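Asks: This is the structure I have questions about; it appears just below.
The values are calculated or read from the model by the stated rules, or taken from the named source; none is laboratory data. None of these values were measured; they are calculated from a predicted model. A quick note on method: Cβ atoms are made from the backbone with ideal geometry, for glycine too, and the neighbour counts reach across all protein chains shown.
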């Protein structure tokens with residue numbers, strides 16, 4: 001419910017002339033923005049458009065250029081000061097989550113919300129109970145003492161989200177959510193949206209940064225589209241369509257509207273001819289898996305769907321040999337069978353893994369983009385024991401160019417790139433070693449529409465050249481846009497295998513949920 005002043009919605013957040021310049025980059029250029037109290041306001045645009053920089057300026061991570069002004073509920077806000085941001089009523093769930101991986105949910109929640117105490121000491125039993133109750137609101141039964149480095153990305157996201165909304169002093173201020181659903185399956189998104197609506201109904205404004213336009217259309221009242229550090233559109237979502245938003249974000253007529261019929265996309269796919277089986281998995285059991293068997297043919301893209309805990313998030317790591325504890329079964333890769341598959345053995349047999357958590361599992365943050373791309377190929381680049389740096393740079397730039405990444409950023413630290421360009425660099429790294437099987441987990445999490453489209457195109461192109469692809473995703477649109485066939489997991493077993501006209505969004509979601 002929007003609070004009003006003289007009959008007009010009260011402005012919860014007002015920004016004027018917010019700019020931010022990094023060496024050689026104008027990340028923000030004179031941003032003016034108002035967000036009404038009680039509204040859910042979406043912030044949209046390609047990675048690199050300035051969204052994350054604006055959020056970090058609000059949080060005090062980045063100090064803006066001189067001349068910027070900001071107000072929270074008509075109180076002046078000192079941009080670049082995290083203490084003032086907290087005091088004035090700004091709370092955040094960042095895309096990077098701010099989770100301490102070495103600690104469990106008990107400590108991660110307590111460090112932000114405060115610990116339960118008894119007679120001046122931390123009451124660990126009560127703190128564990130409180131943490132479990134908060135997570136239970138999202139349907140998570142996470143061990144509160146387990147280090148979050150051992151938890152899945154959705155479980156880490158849940159911890160960050162619940163500690164942000166718990167104990168929220170509602171009615172004023174702004175809750176900023178930066179890609180909060182990037183690693184959440186559909187049923188968790190529903191719970192999050194319920195909480196967002198509860199918060200906004202009290203008069204608190206919610207600023208939602210997201211690439212998922214279907215979610216934006218279902219939850220947000222207003223939206224702002226950014227491009228190249230500037231606002232190019234601002235308005236009520238009731239006055240626009242998803243297709244119009246796609247065009248605004250892309251700065252061009254999209255090849256297809258975001259709500260296009262999925263069958264039309266599938267009709268453009270290369271029809272698979274009878275091909276040899278490249279990967280065969282037989283009766284595999286793991287933490288969640290309960291006897292999974294399937295195969296992938298040469299040149300085929302097979303998708304894996306399923307809710308959290310179904311085994312969908314575990315299967316890519318098991319197939320790539322990155323998870324071995326408690327795993328049994330038989331893996332046949334290129335005709336070679338293994339009952340125990342290590343990461344090294346899988347790599348020797350031609351399996352490459354693009355993991356779900358890009359920041360923690362895929363990139364070396366202290367290395368340049370060129371160094372990140374070239375790592376697996378270094379042995380082949382060496383000459384008589386000497387590594388020619390010019391050759392390494394040339395190699396990396398060629399592969400970055402092949403996936404339409406920013407090759408000019410090859411000698412910059414990879415962390416300076418947008419999420420989309422980081423993911424393209426990870427993809428280039430593993431394509432450069434010519435794998436037999438490419439395994440991907442959540443390949444488009446937290447990246448923009450343009451980067452998503454490029455990844456879809458790359459996968460189809462490489463599959464056309466004979467690469468076998470196994471892609472697990474919580475985003476059904478990923479699977480419909482890329483895959484020849486989708487297997488659906490529920491409770492650790494395959495409950496459906498869909499292809500052709502049977503491979504539709506209702507069919508996939510119905511199988512995931514156990515609904516005909």
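Asks: Among the residues of the stretch 82-101, which ones are in contact (Cβ under 8 Å) with a residue 60 or more places away in the chain and within 26 Å of the chain's Cα centre (by Cα)?
Replies: The answer is 90, 91, 92, 93, 94, 95, 96, 97, 98, 99, 101.
Asks: Among the candidates 346, 362, which residue alone is buried (at least 16 other Cβ atoms within 10 Å of the Cβ) and either within 28 Å of residue 406 (Cβ to Cβ) or outside the structural domain of residue 279 (by TED's automatic domain parsing) (or both)?
Replies: Just one listed residue meets the conditions, 362.
Asks: A further question follows. Do you know which residues across the stretch 6-42 are closer than 25 Å to residue 219 by Cβ and at pLDDT below 85?
Replies: Hits for the stretch 6-42 are 8, 9.
Rundown of residues vs (1) at pLDDT 95 or above; (2) in the same structural domain as residue 311 (by TED's automatic domain parsing); (3) farther than 26 Å from residue 290 by Cα, yes/no style:
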| site | (1), (2), (3) |
| --- | --- |
| 461 | no, yes, yes |
| 465 | no, yes, yes |
| 469 | yes, yes, no |
| 473 | no, yes, no |
| 476 | no, yes, no |
| 482 | no, yes, yes |
| 486 | yes, yes, no |
| 490 | no, yes, no |
| 494 | yes, yes, no |
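Asks: Next up: Out of the residues in the stretch 318-329 that are farther than 13 Å from residue 283 by Cα and out of contact with any helix residue (DSSP H, G or I) (no Cβ under 9 Å at 6 or more places or on another chain), state the one that is surrounded by the most Cβ atoms within 10 Å (Cβ to Cβ).
Replies: My answer is 326.
Asks: Can we say residue 380 is surrounded by fewer than 13 Cβ atoms within 10 Å (Cβ to Cβ) and out of contact with any helix residue (DSSP H, G or I) (no Cβ under 8 Å at 6 or more places or on another chain)?
Replies: yes
Asks: Mind telling me which of the residues 91, 163, 156 ends up being touching a helix residue (DSSP H, G or I) at 6+ places or on another chain (Cβ under 8 Å) and part of a strand (DSSP E or B)?
Replies: 91
Residue-wise test of (1) in a helix (DSSP H, G or I); (2) at pLDDT 95 or above.
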| residue | (1), (2) |
| --- | --- |
| 200 | yes, no |
| 203 | no, no |
| 211 | no, no |
| 215 | yes, no |
| 224 | no, yes |
| 243 | yes, no |
| 248 | yes, no |
| 252 | no, no |
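Asks: Can you tell me which residues in the stretch 97-121 are assigned to a helix (DSSP H, G or I), modelled with pLDDT of 90 or more and in contact with a helix residue (DSSP H, G or I) (Cβ under 6 Å, 6 or more places away or on another chain)?
Replies: Within the stretch 97-121, 105, 106, 108, 109, 110 meet the criteria.
Asks: To continue, here is another question. Give the stretch 374-404 a look and list any residue that's without any contact (Cβ under 8 Å) to a residue 24 or more places away in the chain and under 28 Å from residue 179 (Cα atoms), or say none.
Replies: Hit for the stretch 374-404 is 401, nothing else.
Asks: Of all residues in the stretch 330-343, which are at negative phi and either surrounded by fewer than 19 Cβ atoms within 10 Å (Cβ to Cβ) or outside any strand (DSSP E or B) (or both)?
Replies: 330, 332, 336, 337, 338, 339, 340, 341, 342, 343
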